[in-house]
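The values are calculated or read from the model by the stated rules, or taken from the named source; none is laboratory data. Source: prediction; values computed, not measured. All Cβ positions, even for glycine, are placed from backbone atoms using ideal geometry, and neighbour counts span all protein chains on display.
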Amino acid sequence: MKENKKEKSLHTGHRVRMREQLFSGDINEKSPPHVLLEMLLYHSIPQGDTNPIAHRLINRFGSLNGVFSASKEELMSVEGVGEVTAALISLYVPLTRRVILDRLKETDELHSSEDIGSYVLGHYSFCKDEYVSLLCLRPNGKIAAFEKIADGDITGVGVSARKILEIAIKYDSSIVILAHNHPSGIALPSAIDVEVTKGLVEALRQVGVHLADHVILTDNDYVSMAQSAEYSHLF
């Protein structure tokens, strides 16, 4: 059914008021998720009430994170979501990752385990695939490099002391932090993670490279093995 002129006028006025609230700061990260999503949908649905669609999306996927992690096919299974809206929602993750990575480029130094954890967590934001990375530092905390070194989990990719040494030499760094993610798990080291870490620490020590930490991450959490009472003795 087509909207009549009165309905169009009401929706237009509502959108204007919502934008005013956004620019004044009344709509922000503390606002209900359906409100934020409703406003985003203005850009793919030029007319009409997007509030019901926003509610349907949140109900279907459980949260904003669920909405923005959904596939095109999953999104388009929701009433009112077409290809243009699915494309707009799908743009969120790569756009947000780009902003996060740009901000991380502005970080020059890391001076605490919290700094390191936040920095590494930023690099792994929204990653659905497992991979292993290496953070190389100068003795003064300056960042020398952050490099992906292998795809997959640490038990199956054959991360070796030799490979880490090659990267450390490449960036002239004697302090390195290993990191890998558990996308669908919890941020706790497995027994194999512990054994691999122990072997790498000992092997690298023999060639003058200090493996200062092994950080394990999930979507929004991390564990620093070096700061854990249970594993700190390894380092």
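Tell me, yes or no, whether segment 116-134 has at least one residue that is assigned to a loop (DSSP other than H, G, I, E, B), surrounded by 17 or more Cβ atoms within 10 Å (Cβ to Cβ) and touching a Ser or Thr at 6+ places or on another chain (Cβ under 6 Å). Checking segment 116-134: not a single residue is assigned to a loop (DSSP other than H, G, I, E, B), surrounded by 17 or more Cβ atoms within 10 Å (Cβ to Cβ) and touching a Ser or Thr at 6+ places or on another chain (Cβ under 6 Å). Scanning segment 189-213 for residues that are more than 13 Å from S160 (Cα to Cα) and of a type in the set (S, T, Y) gives a single hit, S190. Being surrounded by fewer than 16 Cβ atoms within 10 Å (Cβ to Cβ) and assigned by TED's automatic domain parsing to the domain that holds M39 is a property that holds for P94.
Among residues of segment 60-73 that are of a type outside the set (S, T, Y), those with a Cβ under 7 angstrom from a residue that is surrounded by 13 or more Cβ atoms within 10 Å (Cβ to Cβ) and not in a helix (DSSP H, G or I), sequence gap 6+ or separate chain, pair up as R60/V78; F61/A70.
Hey, among the residues in segment 188-235 that are charged (D, E, K, R) and assigned to a loop (DSSP other than H, G, I, E, B), which one's surrounded by the fewest Cβ atoms within 10 Å (Cβ to Cβ)? If we take residues in segment 188-235 being charged (D, E, K, R) and assigned to a loop (DSSP other than H, G, I, E, B), then E230 is surrounded by the fewest Cβ atoms within 10 Å (Cβ to Cβ).
Can you say whether V93 is in a helix (DSSP H, G or I), at pLDDT below 95 and over 27 Å from L204 (Cα atoms), as far as the supplied structure shows? Yes. Scanning segment 137-145 for any residue that is in contact (Cβ under 8 Å) with a residue 40 or more places away in the chain, under 15 Å from the mean Cα position of the chain (by Cα) and assigned by TED's automatic domain parsing to the domain that holds S224 turns up nothing. Within this structure, I143 passes the test of being assigned to a strand (DSSP E or B), crowded, with 17+ Cβ neighbours inside 10 Å, at pLDDT 95 or above and of a type in the set (V, I, T). You will find that of I154, I167, I192, I186, the residue that is of a type in the set (A, V, I, L, M) and touching a Leu at 6+ places or on another chain (Cβ under 7 Å) is I167 and no other.
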